[in-house]
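To keep things clear, I will list the structure first and then write my remarks on it.
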Amino acid sequence: MATPKNLSVQKAFALLRSFRGPQEWVTNAELSRRTGLSEACAHRLMKTLEEIGAVVRDKRGCYRPGMVLATLSKDVAIGDLIRATSEDLLVGLAQRLKGVIHVGVLSNGMVTYAAKFGEPVSVPIPSTVGAQQEAYCSALGKILLAGLSAQELEDFLYEDDLVALTPSTITTVASLRAEIGAVRQRGYAIDNREAFQTICCIGAPVRDPIGNIAAAISFADTAGNLCTSWEEEAAGQLITTAKAISRKIFPVYEGMAH
């Protein structure tokens with residue numbers, strides 16, 4: 001006797017296969033049309049897929065592939081996913097802190113800016129979405145480096161020279177190794193005039209359900225504002241927002257993280 005098929009699983013995979021790309025947002029009605037399922041059936045299955053992180057839903061009610069599928073397909077870019085699903089959180093953070101918020105990911109030892117929200121108040125923030133910056137002298141980069149394994153970090157430290165971009169840039173392996181250790185201890189990173197003399201930044205990690213650092217967010221402001229109270233306020237809000245983003249893109253985050 002043949003093993004009975006699970007039709008719900010087949011239908012769920014039919015819905016997932018109906019997406020034409022990792023960045024496409026699709027309504028439930030369109031998914032129903034593409035798969036031949038009733039809208040009610042598609043809705044029930046999409047809600048389940050959303051709960052396990054296979055898809056994410058935006059404020060319009062449209063769906064796209066989520067981070068669970070990133071383990072199967074590297075086409076799902078986490079930086080783009082954060083920008084698409086968490087814009088409200090990041091815009092709100094930029095407004096509260098009155099500055100610029102960045103989303104960054106690590107790519108070949110460099111930070112890639114995946115998103116930028118807010119407007120600078122005092123000094124221009126010369127960052128562009130899609131551009132790259134050295135990891136060792138930025139708050140985003142230090143957070144992402146702190147997420148590397150011991151061997152990956154050592155490989156990075158000795159791969160290239162640490163070139164001084166300002167008088168405050170860390171330029172020795174020992175100093176950068178100590179800095180990354182401090183970042184891991186306090187849970188956030190600081191760039192105090194290290195990339196640009198007029199700018200300071202605070203960075204916080206976006207973690208996956210088992211605690212690995214998947215991306216980072218940062219707040220950039222004029223360097224003259226850096227003080228203990230400013231640092232603590234910005235870091236606290238960044239960490240809170242980063243955790244909210246993790247819960248959005250990894251629906252199992254709260255049950256598994258830490």
Exercise for the section: Please work out which residue is most open to solvent (accessible area, probe 1.4 Å), limiting yourself to segment 191-205 and to residues that are free of Cβ contacts under 8 Å to residues at least 60 places away in the same chain and not acidic (Asp, Glu). Expected result: GLN197
Practice task
Would you check if ALA84 is in a helix (DSSP H, G or I), surrounded by 15 or more Cβ atoms within 10 Å (Cβ to Cβ) and touching a Lys or Arg at 6+ places or on another chain (Cβ under 9 Å)?
Solution key: yes
Handout entry: Residue selected from segment 53-69 under the condition open to solvent by 10 Å² or more (accessible area, probe 1.4 Å) and part of a loop (DSSP other than H, G, I, E, B), by the criterion modelled with the lowest pLDDT
Key = LYS59
Handout entry: Contacts under 8 angstrom Cβ, first residue in segment 161-173 being open to solvent by less than 40 Å² (accessible area, probe 1.4 Å), partner in a helix (DSSP H, G or I) and among the acidic types (Asp, Glu), 6 or more apart
Key = ILE170/GLU179
Practice task
For LEU89, work out the one condition from (1) open to solvent by 40 Å² or more (accessible area, probe 1.4 Å); (2) in contact with a strand residue (DSSP E or B) (Cβ under 6 Å, 6 or more places away or on another chain); (3) modelled with pLDDT of 90 or more; (4) not hydroxyl-bearing (Ser, Thr, Tyr) it doesn't fulfil.
Solution key: (2)
Exercise for the section: Six or more apart or on different chains, Cβ under 8 Å: which pairs go from a residue in segment 177-190 that's under 15 Å from THR228 (Cα atoms) to one that's of a type in the set (Lys, Arg)? Could you list them? Expected result: ALA189/LYS142; ILE190/LYS142
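Residues are listed down the side, and each one gets a yes or a no for (1) at pLDDT below 95; (2) open to solvent by 40 Å² or more (accessible area, probe 1.4 Å):
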{"site": "THR71", "(1), (2)": "yes, yes"}
{"site": "VAL76", "(1), (2)": "yes, no"}
{"site": "VAL103", "(1), (2)": "no, no"}
{"site": "THR112", "(1), (2)": "yes, no"}
{"site": "SER122", "(1), (2)": "yes, yes"}
{"site": "PRO126", "(1), (2)": "yes, yes"}
{"site": "VAL129", "(1), (2)": "yes, yes"}
Exercise for the section: Would you confirm whether any residue within segment 20-30 is among the small types (Gly, Ala, Ser) and not in a loop (DSSP other than H, G, I, E, B)? Expected result: yes
Problem - Residue check for LEU49: outside any loop (DSSP other than H, G, I, E, B) and under 30 Å from LYS11 (Cα atoms) - result: yes
Exercise for the section: Scan segment 6-24 and report the pairs whose first residue is under 18 Å from ALA84 (Cβ atoms) and whose second residue is in a loop (DSSP other than H, G, I, E, B) and open to solvent by 70 Å² or more (accessible area, probe 1.4 Å), with Cβ atoms within less than 8 Å and a gap of 6+ or a chain change. Expected result: GLY21/ASP75; PRO22/ASP75
Problem - Criterion: farther than 25 Å from ARG64 by Cα and either in contact with a His (Cβ under 6 Å, 6 or more places away or on another chain) or not acidic (Asp, Glu) (or both) - qualifying residue of ALA242, ALA178, ALA214 - result: ALA178
Problem - Positions within segment 206-236 being under 25 Å from VAL123 (Cα atoms) and crowded, with 18+ Cβ neighbours inside 10 Å, in sequence order - result: ALA216, ILE217, SER218, PHE219, ALA220, ASP221, ALA223, LEU226, ALA234, ALA235
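The values are calculated or read from the model by the stated rules, or taken from the named source; none is laboratory data. A quick note: this is a predicted structure, and the numbers were derived from the prediction, not measured. Don't worry about glycine lacking a Cβ; one is built from the backbone with ideal geometry, like all the others, and counts go over all protein chains shown. Accessible surface areas use protein heavy atoms only, side chains included; no ligands, DNA or RNA. Shrake-Rupley method; radii C 1.70, N 1.55, O 1.52, S 1.80 Å.
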